[in-house]
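The values are calculated or read from the model by the stated rules, or taken from the named source; none is laboratory data. Values in this document were obtained by computation on a predicted structure and should not be read as measured data. Every residue, glycine among them, receives a Cβ derived from its backbone with ideal geometry; neighbour counts consider all protein chains shown. Heads up: the accessible areas ignore ligands, DNA and RNA and are worked out on the full protein's heavy atoms, side chains in. Shrake-Rupley method; radii C 1.70, N 1.55, O 1.52, S 1.80 Å.
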Amino acid sequence: MGPTPEAIPKAEDVRFIPLTYNQAESQTSALRLILTLRPQWEHTEGKIEFIRFTDGITNTLLKIVNKLPGRSTEEIDNEAVLLRAYGKGTDLIIDRERETQNHELLMQHNLAPELLARFHNGMLYRFIRGSVTSPADLRREDIWRAVARRLAEWHATVPCLPASREPLSTEIDGSEQFGMPAPTPSRKDPALQSAIDNVAPGKPAPNVWTVMQKWIYALPTASEAQKTRQAQLQKELTRLVLEFSNRPGLGKNSLVFAHCDLLSGNVIIQPRGVQEANAPETVVSFIDYEYATPSPAAFDIANHFAEWGGFDCEHHLLPTQSQRCDFINVYVRSYFTYLGDDNANIDEQAEARKLFEEVDMFRGIPGFYWGIWALIQATISQIDFDYASYAEVRLGEYWAWRAELDGSRESAGEEMPLRERRWAQEA
């Protein structure tokens with residue numbers, strides 16, 4: 001049993017400001033946007049200030065405040081606005097209309113801040129008070145327990161809504177050998193969209209499998225090496241879909257509404273004043289919903305566990321078996337509580353054991369997912385981050401998992417990689 005279906009929010013319901021944020025003229029373009037949204041700020045005694053956050057590796061995030069005389073920090077923060085400008089070229093890998101719909105959907109469930117407006121290359125939304133976590137914070141028991149509870153709420157209460165199946169809005173590369181011309185002859189190629197939507201037959205699109213298919217079609221194919229790699233990754237995706245897309249799991253069609261990017265920078269610790277009265281436990285919120293899509297719950301959880309090691313992929317810091325077991329026990333208890341009375345007779349211990357095994361099975365797939373993503377980012381991003389090396393590390397996680405799964409590593413007499421050793425560690 002899953003959440004009650006509801007109408008998908010329409011992106012056009014959110015105010016659109018026909019302006020663009022310009023990184024080269026950051027303060028000027030941001031000021032123009034905020035004064036269009038909040039024209040009254042221009043005629044007050046307050047001082048408009050911009051605070052840059054740099055936790056992400058694809059987007060620009062600015063906090064904009066109007067520092068009025070006599071106002072407390074909390075009062076100023078209550079009126080603050082977050083400006084998020086998309087990284088150049090990221091429309092190739094992120095469906096921005098869908099992201100807006102995700103934000104609106106989460107707002108309906110009190111799981112996202114109010115979305116105030118969109119502009120040509122970003123959005124403006126209400127600031128959430130709290131502190132951004134670090135990878136070290138994710139490993140703190142009070143924090144991971146809070147993440148488990150909040151993630152269970154997402155998965156249990158937010159419905160998975162199918163897309164309207166509109167054609168692609170952005171041209172992406174296909175490949176002749178996949179039966180898709182490269183590049184696509186039209187920016188709105190229905191054949192290519194159909195190939196993406198139907199990569200996992202029987203699963204409503206979009207979903208985590210369609211996202212990976214779209215990304216594989218978007219990989220650079222200028223050189224023979226790039227074409228070979230694209231073909232290799234396509235073969236692996238076909239294999240993954242065959243092996244994993246129909247495995248039984250939580251949610252309708254074994255899919256839940258997943259965040260799919262629960263790195264530390266997207267987890268916010270709420271200040272005690274915002275939490276329920278006398279709440280003894282830490283409470284967190286999640287931000288940035290650009291990768292949110294229906295997915296197996298085990299993928300979303302395995303993906304979050306990978307983030308315990310941060311952008312540097314410090315595999316020795318990933319959760320051990322006992323830590324994963326504790327996290328999943330908290331998650332399962334919360335998940336069935338959010339589902340309600342119809343699940344009163346559920347054997348939570350049995351469900352937790354099953355989910356633990358599923359997360360274990362899915363542990364290598366986030367490496368495949370982010371490896372493909374990073375190969376694309378390496379060609380389009382202007383951000384100072386070594387995406388090419390990151391891609392190799394993440395894809396290496398996938399191949400190491402495959403070698404463990406099929407026994408080829410052991411039969412070759414090779415040493416078990418650090419990530420796999422850590423994953424097998426009991427405590």
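What the table shows:
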item	result
Residue that is nearest to residue 223 (Cα to Cα), among those in the range 363-387 that are small (Gly, Ala, Ser) and modelled with pLDDT under 95	378
All positions within the range 22-35 that are assigned to a helix (DSSP H, G or I), free of Cβ contacts under 8 Å to residues at least 40 places away in the same chain and surrounded by fewer than 16 Cβ atoms within 10 Å (Cβ to Cβ)	24, 25, 27, 28, 35
Qualifying residue in the range 230-245 (condition: farther than 19 Å from residue 398 by Cβ and crowded, with 20+ Cβ neighbours inside 10 Å)	no
Strands (runs of 3 or more DSSP E) completely within the range 238-317 that count 3 or more residues being under 23 Å from residue 215 (Cβ atoms) and within 19 Å of the chain's Cα centre (by Cα)	256-258, 293-295
Residues being in contact with a helix residue (DSSP H, G or I) (Cβ under 8 Å, 6 or more places away or on another chain), of a type in the set (A, V, I, L, M) and at pLDDT 90 or above - total across the range 53-103	7
Sole exception among (1) farther than 22 Å from residue 134 by Cα; (2) in contact with a Leu (Cβ under 9 Å, 6 or more places away or on another chain); (3) open to solvent by less than 20 Å² (accessible area, probe 1.4 Å) for residue 84, by number	(1)
Selected residue (only one of 255, 237 is out of contact with any strand residue (DSSP E or B) (no Cβ under 9 Å at 6 or more places or on another chain), among the aliphatic types (A, V, I, L, M) and either under 24 Å from residue 92 (Cα atoms) or touching a residue at least 60 places away in the same chain (Cβ under 8 Å) (or both))	237
Members of the range 128-149 that are within 11 Å of residue 268 (Cα to Cα) and in a helix (DSSP H, G or I)	137, 138, 143, 146, 147
All positions within the range 318-337 that are open to solvent by less than 40 Å² (accessible area, probe 1.4 Å), over 22 Å from the mean Cα position of the chain (by Cα) and within 30 Å of residue 395 (Cβ to Cβ)	320
Among residues of the range 94-108, those that are in a loop (DSSP other than H, G, I, E, B) and either of a type outside the set (A, V, I, L, M) or open to solvent by 10 Å² or more (accessible area, probe 1.4 Å) (or both), counted	1
Residue check, residue 70 under 24 Å from residue 381 (Cα atoms) and either exposed (fewer than 14 other Cβ atoms within 10 Å of the Cβ) or touching a residue at least 24 places away in the same chain (Cβ under 8 Å) (or both)	no
Residue within the range 66-75 that is farther than 25 Å from residue 292 by Cα, part of a loop (DSSP other than H, G, I, E, B) and among the basic types (Lys, Arg) present	yes
Answer residue from the range 353-367, given it is free of Cβ contacts under 8 Å to residues at least 60 places away in the same chain and part of a helix (DSSP H, G or I) and is most open to solvent (accessible area, probe 1.4 Å) among those	353
Filter result (open to solvent by less than 30 Å² (accessible area, probe 1.4 Å) and farther than 27 Å from residue 53 by Cα) within the range 374-427	395, 397, 398, 400, 401, 402, 403, 407, 419, 420, 423
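Yes/no matrix, rows are residues, columns are (1) touching a Phe, Trp or Tyr at 6+ places or on another chain (Cβ under 8 Å); (2) closer than 26 Å to residue 32 by Cβ; (3) free of Cβ contacts under 8 Å to residues at least 40 places away in the same chain:
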| site | (1), (2), (3) |
| --- | --- |
| 80 | yes, yes, no |
| 106 | yes, no, no |
| 122 | yes, yes, no |
| 127 | no, yes, no |
